[in-house]
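All remarks here apply to the structure that follows.
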Amino acid sequence: MDEAENRTGAPGGGQPTRVTPGVPPAVGPDTETVRRELNETRRADEASNGGDQAQDAKGQAQEKAGEVKEQAQQKADGVKGQAQEKVNQVKQAAPDQINQAASAIQEQAGQNPLPFAVAGALLAGFVIGRVSKKS
């Protein structure tokens, strides 16, 4: 046997055949023929169907995308509702907390007015300085 025949598996060193693992070399050419016929049959089926399968797959993909989008929207609405509830709770609690803080500050100012007078003077100076720079 010639060295070219050994490498290609075809007599005379002709067209090589695809070697499939686990398939004996004697069956290789028949396997290639069957594969080729199968591919031709598939192409003919696809051409005769007019791409119906492709259209079906595209439609199914669009339906699935719509379902996923709808589920995401529902989740987002749920989270938005929960956030709105928290905001409302904070808004309701805020006036009470502000009133408590203000009363605590008033008590401390009544007991020791000097630090609050200094802080008020600094704040007034800051505000007057900002207003005078803009003029």
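Ranking Ala44, Ala57, Gly110 by Cα position along the charge dipole of segment 35-135, where only Lys, Arg, Asp and Glu carry charges on their C-beta atoms, puts Gly110 farthest toward the positive end.
Treating r as the C-beta distance of Gln60 and Asn88 and R0 as 41 Å, the FRET efficiency rounds to 0.45. Largest accessible area first, the residues Lys134, Lys64 order themselves as Lys134, Lys64 under a 1.4 Å probe with ligands, DNA and RNA left out.
The simple Förster model, with R0 at 35 Å and r as the Cβ-Cβ distance, assigns Lys80 and Val127 a FRET efficiency of 0.35.
Distance between the 7 Å Cα→Cβ label points at Gln73 and Gln97: 3.5 nm.
The values are calculated or read from the model by the stated rules, or taken from the named source; none is laboratory data. None of these values were measured; they are calculated from a predicted model. FYI the Cβ positions are ideal-geometry reconstructions off the backbone, even for glycines, and counts take in every protein chain you see. The protein model used for the area step is the full one, side chains on, heavy atoms only, and it has no ligands, DNA or RNA in it. Shrake-Rupley method; radii C 1.70, N 1.55, O 1.52, S 1.80 Å.
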